Amino acid sequence: MSLRKTARASLGVLSAVTALSAVAVPAAMANEAAPASKHDAPAGTHLKLTLFAAAPTGYKSPDDLTRLGDVLYVAYQNNAAADGTPAGSKTDIVGFDVKTGKALRHWVLPGRVDGLTADPRNHRLLATVNEDLNSSLYTITPTRTSGIVQHYNYSPSPAQTGSDGTNGGTDALSVGANGTVYVAHSNPDTSLPGANNTAATYTLKLSGSTAKLTPLYGVNDTAAVINPAKGAPAKAKLGLTDPDSNRWVPGRDGGTLIQDAQADSKLVYVSDLDAQHPTVRQLNLVNAKTPSKGAATPQLDDIEPVSGDGTLFVVDSAAGKIYKADTKGVRPGTLFASQPKPKDGDLPNDPALAVVDQRTGVVTHLDVNVTLQSPKGLLFVPGDQR
């Protein structure tokens, strides 16, 4: 997932809170304060990781992952850049048996896959390519022996031309219970003339060879602040420059979409999804512990809510490995997050697997038994689906 835009170092200073725990409010209720429970996991909770699968020979840089049926699918980006360059670059989509880790299926898509999710209603995978520019969409419908791959061009194009050139593509996807597809507008152009309020997230519909995009909400919409700093307004413009990973969470009135704005160090909660105008809230993020190379706000690559007993899969992109952890005992509603190794221009965060307190915005690193080089993709599989 891309951090092409330079991260902003300041979101307003949040006061240090004493309850830096792994407390998490269920996503659909993130705007409502909830008292801490005596069963909440304390900060620094240990999570044991075991190796699920190493990268097949010749593949590298795993990122997004999803599950369809009994198969876990992983996108290996190899040397592909965020705009699909260089010529001939490709992503390998590999399907692993979710129980054994054995590689079962394989497809190659041109460019860089940075959004990958399952669409169970249609028994297919959805994959976005080239999140910064030259973006398009693929579907893969697995068959018993192979799969049907279809390509779609966007209408309108998510790329826009402003004073700093042409920017924009698509990133993470989530699918709601009613089949609605939500896709992040990655690298939106914030230098457009006039009042720029381009889409932060779209809904998507497929017709023929076209993927029609409809804005869900804008990068500069005014949204309630879940955790305003002392003296700060209760509402503020989102000011998003880097919509990235997202997750749809079931709930009333169409559920809630959680959108991570990576370089902006915030989460956006979009609820009332069945309404003509959804409700938008924002959560500013702060590190529980100052990173080793200096103070910074968190830059999260992926987020994943956990509903209780099951398995959490964690991608270590730099190591080319996928790990798994038993989540028995984890409080339902806990939101896990990955902080990758910073690239040039990024804020100096330490790579880690973390949890997010959805009331305070505090991101707390977990104590794990493996040194993660650059964690990225996350996926939770409930215990009754393992």
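In segment 230-254, how many are open to solvent by less than 30 Å² (accessible area, probe 1.4 Å) and in a loop (DSSP other than H, G, I, E, B)?
5
Name the residue, out of K289, K341, that is in a loop (DSSP other than H, G, I, E, B), farther than 22 Å from P62 by Cα and open to solvent by 10 Å² or more (accessible area, probe 1.4 Å).
Residue meeting the stated conditions: K289.
Just for segment 271-284: of the residues that are out of contact with any Asp or Glu (no Cβ under 8 Å at 6 or more places or on another chain), under 18 Å from T201 (Cβ atoms) and modelled with pLDDT of 95 or more, which one is surrounded by the most Cβ atoms within 10 Å (Cβ to Cβ)?
Applying the filter and picking the extreme gives Q282.
Counting only residues that are touching a Pro at 6+ places or on another chain (Cβ under 9 Å) and either open to solvent by 10 Å² or more (accessible area, probe 1.4 Å) or not in a loop (DSSP other than H, G, I, E, B) (or both), which one in segment 259-270 is farthest from D132 (Cα to Cα)?
Going through the qualifying residues, I end up with V270.
Residues that are within 20 Å of H46 (Cβ to Cβ), among the hydroxyl-bearing types (S, T, Y) and crowded, with 21+ Cβ neighbours inside 10 Å: does segment 313-322 have at least one?
Checking segment 313-322: not a single residue is within 20 Å of H46 (Cβ to Cβ), among the hydroxyl-bearing types (S, T, Y) and crowded, with 21+ Cβ neighbours inside 10 Å.
Of the residues that sit in segment 148-189 and are free of Cβ contacts under 8 Å to residues at least 40 places away in the same chain and among the acidic types (D, E), which one is surrounded by the fewest Cβ atoms within 10 Å (Cβ to Cβ)?
Among them, the one singled out is D164.
Scan segment 192-206 and report the pairs whose first residue is within 23 Å of Y138 (Cα to Cα) and touching a residue at least 60 places away in the same chain (Cβ under 8 Å) and whose second residue is among the hydroxyl-bearing types (S, T, Y) and open to solvent by 40 Å² or more (accessible area, probe 1.4 Å), with Cβ atoms within less than 8 Å and a gap of 6+ or a chain change.
Short answer, once both residue conditions are applied: L204/T214.
Being out of contact with any helix residue (DSSP H, G or I) (no Cβ under 8 Å at 6 or more places or on another chain) and free of Cβ contacts under 8 Å to residues at least 40 places away in the same chain is true for just one of A295, A325. Which residue is that?
The match here is A295.
What is the one condition in (1) of a type outside the set (K, R); (2) within 17 Å of S207 (Cβ to Cβ); (3) in contact with a Gly (Cβ under 8 Å, 6 or more places away or on another chain); (4) assigned to a strand (DSSP E or B) that I140 does not satisfy?
(2)
Could you please find all residues in segment 66-106 being open to solvent by 10 Å² or more (accessible area, probe 1.4 Å), in a strand (DSSP E or B) and hydrophobic (A, V, I, L, M, F, W, C)?
Those that are open to solvent by 10 Å² or more (accessible area, probe 1.4 Å), in a strand (DSSP E or B) and hydrophobic (A, V, I, L, M, F, W, C): L68, V71, A103, L104.
Quick one: which residue in D242, D264, D253 is out of contact with any strand residue (DSSP E or B) (no Cβ under 8 Å at 6 or more places or on another chain) and under 25 Å from T117 (Cβ atoms)?
Just one listed residue meets the conditions, D264.
When S307 is evaluated against the numbered criteria (1) modelled with pLDDT of 95 or more; (2) surrounded by 16 or more Cβ atoms within 10 Å (Cβ to Cβ); (3) over 13 Å from the mean Cα position of the chain (by Cα), which criterion, by number, is the only one it fails?
The failed condition is (1).
The values are calculated or read from the model by the stated rules, or taken from the named source; none is laboratory data. Fair warning: this is a prediction, and the values are worked out from it, not measured in the lab. Glycine gets a Cβ as well: all are built from the backbone with ideal geometry, and neighbour counts include every protein chain shown. Only protein heavy atoms, including side chains, enter the accessible area calculation; ligands, DNA and RNA are left aside. Shrake-Rupley method; radii C 1.70, N 1.55, O 1.52, S 1.80 Å.
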